[in-house]
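Working notes for the structure below.
The values are calculated or read from the model by the stated rules, or taken from the named source; none is laboratory data. What you see is a predicted model; the values in this text were computed from it and never measured. Virtual Cβ from ideal backbone geometry, glycine too; neighbours counted across all protein chains shown. What goes into the accessible areas is simple: the full protein's heavy atoms, side chains included, and nothing from ligands, DNA or RNA. Shrake-Rupley method; radii C 1.70, N 1.55, O 1.52, S 1.80 Å.
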Amino acid sequence: MLSAYKTNRGFIAYPSTYLDGPPPSASRSFLIDLGGWLLYLSGLIGLVLMLPAQAFEPGTRIFVFALGGLGLWRYGLRIMHFVRSMVFLHWAFPRARRAALRTGASAMPSHVYLLITSFRIETLTTTMVYQAAFEEAINCGLPTTVVASIVEMADQRLILALWEHLAPPSRVRLKIVRIPGTGKRDALAQGFRCISRDMPDADAVVALIDGDTVLEKGVIVKTAPFLKTMPSVGALTTNEFCDVAGSYAMSEWHKLRFAQRHLNMCSMALTRRVLTLTGRMSLFRASIVTDPRFIDDVQNDAIEHWRLGKFRFLTGDDKSTWYSLVRLGWDTYYVPDTSVRTLESPPDPRFLKASRKLMFRWYGNSLRQNGRALKLGPRKLGWFTYYVLLDQRVLMWTGLLGLATAIAASIKFSMVYMLTFLLWVGITRLVMSMLLLASGHRIGPAFPLLLYYNQVIGSVMKIFVFFRLDQQSWTRQKTTLDRNLGAFQQRFNQWSSWAMTFSATSFFAAIVMCLLSL
């Protein structure tokens, strides 16, 4: 990937050094991965050798436990997602792509808007993002307006300097919207209103692009035709790859997430119900983003909670856009053969702390949306989508059930139960990692361990967030939500959240002990 920096000779392209140090050679990466896989398989073999022979005899309680009798049902949804994603990738989407190609130039939009939101992002990243956006605007051959919704004057100077250097043709325009640093939702809303003043026609499209997302070449031309050939689709999103400024563990963790995201998106796109319109790059009909109802949904989204009261959404604009579209009757779609590249800057150099911070934000966004989305009902959502949303509320507990039961059984009966459970986890996560090969994303030897890390730590974070939906935070910005609550209400929310957490975990522990007595 090329980036740029400004000198007295203008902007000069150079290979990106976004990663820590030069990227390893292909042969070195292969050797590292090979060594990691061999080490992982050696660990599984070691567990097998440590187990007594009776652990593998059919009919014994240990054998049944090793097969995962307590958790096998959890894999049903995973298998359904995988099968659906393969049907979409190899049958449904190729047909949709051929239909889009047959329409030719008639499927192209009348005007393209690229709305980019930037706030407190590294200068190098901002340069790469806007350079790619300007080049896409120039190369797509369509009338295009780049709308930069920014906060800081330094960003404005950088954007204008890059614009002057690239010297786009007259069909490409640049508009800069300056707002106070009150959050991304306000930045998006002001960008939408800026586009509304142009009064775009029904064939215009708007791409929402995060300030850390680099567009790949041709992304607009490859995605826009689907909005013409699929009249029921209001917005779509694309595949994502990432460059991570962080440790090996953080880099592999992000790559695992994007590989899983790809297959899940393909599965949900089979019935045109993609569950999130990621802010990294999603393409909308201009008639939607200029709708006052949609703008209000994004800027002032809020929920009324029975215990915590009414509070606005600080983060999770991608969930708000999805909910608004589905509520208004639109379908959502996914284009798997088109991608963007995100430049990930972890909120902390320590993997454990950074991953927990990110989980707190991501899972909070999902759970805040979940309840109201379920209220739309299966007739509006579709039965499979409804089931997936319902499973999100149960998954936080089922993800801990196997581990909790194994720990309790090893204390009550024998450590063989824990060893058998670890072997089961190791084998199933290895199989799940191999299935991710179908995503087209690279998989690494850390994936099986990270899969289980996500399950256990992710479940703990979901439980914590579920009883504290009003607590929100950005991982880069210091924007906070001030609800102006009285002292009593603040204490009530805090103590009631802990009381609910304690009650729920106590009930979960009781279920585990009942299972052991069966």
Phi angles of the stretch 369-385, converted by Karplus (6.51 cos²θ - 1.76 cosθ + 1.60, θ = phi - 60°) into ³J(HN,Hα) in whole Hz with x for Gly and Pro, give 7, 4, x, 6, 5, 4, 5, 5, x, x, 5, 8, 8, x, 5, 5, 4
Share of accessible surface on carbon and sulfur in the chain, whole %, 1.4 Å probe and ligands ignored, is 63 percent
Reduced to Cα centres, the span from the stretch 72-133 to the stretch 205-241 in Å works out to 6 Å
Once Lys and Arg are counted +1 and Asp and Glu -1 for all other residues with Cβ under 14 Å from that of Leu236, the total becomes +3
Scalar couplings 3J(HN,Hα) for the stretch 35-43 by Karplus 6.51 cos²θ - 1.76 cosθ + 1.60 (θ = phi - 60°), nearest whole Hz, x for Gly and Pro, are x, x, 5, 5, 5, 5, 5, 5, x
The helix 447-466 Cα axis meets the longest alpha-carbon principal axis of the chain at an angle in degrees, between 0 and 90 and rounded to 10, of 80 degrees
Amide H proximity to Val147 below 5 Å, modelled H, separation 5+ or other chain, gives Leu114, Leu115, Ile116, Lys175
Highest mean packing first, using Cβ neighbours within 10 angstrom, the peptides 335-347, 176-188 sort as 335-347, 176-188
Among Ala510, Leu469, Ala438, the residue whose Cα sits farthest towards the positive end of the charge dipole of the chain, when +1 is placed on the Cβ of each Lys and Arg and -1 on the Cβ of each Asp and Glu, is Ala510
Result for the stretch 142-210: accessible area per residue, probe 1.4 angstrom, in square angstrom, of 42 Å²
Of the listed pairs Lys319/Lys353; Lys184/Lys357; Lys175/Lys228, those with alpha carbons more than 21 Å apart are Lys319/Lys353; Lys175/Lys228
Rounded to whole angstrom, the alpha-carbon centroid of the stretch 423-467 lies from that of the stretch 283-355 at a distance of 24 Å
Under 5 Å from the placed amide H of Val233, counting only residues 5+ away or on other chains, we find Asp331
Residues whose modelled amide H sits under 5 Å from the amide H of Tyr334, counting only those 5 or more places away in sequence or on another chain, are Thr237
Note to self: with every protein chain in place and a 1.4 Å probe, the stretch 394-518 gives an accessible area per residue in Å² of 50 Å²
